């Protein structure tokens, strides 16, 4: 029997898939965080530079965003997942 994939297709951009992604992954790529926040990846980088999102450098020119910081930002904005 083939195992069921853990992640859903994020291109759909449904709130359910975004909420599931935040529960499953501790670190998000800038593109994944942008999908959840409905902004551009450049916007995610700017938010990380301003300290609005917590970024973790995982190598040269590689940034990951903590899912906790995305959840906290949405909570601060009054948005529920």
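Of note:
- Relative contact order of region 15-76, taken over Cα pairs closer than 8 Å and 6 or more residues apart, is 35 percent.
- Residue 75 paired with residue 62, simple spin-label distance in nm, labels 7 Å along Cα-to-beta-carbon: 2.9
Readers should treat all values here as calculations from the given coordinates under stated rules, not as data from a laboratory. If you're wondering where the values come from, they're calculated on a predicted model, not measured in any experiment. Note: ideal-geometry Cβ built from the backbone for every residue, glycine included; neighbour counts use all protein chains shown.
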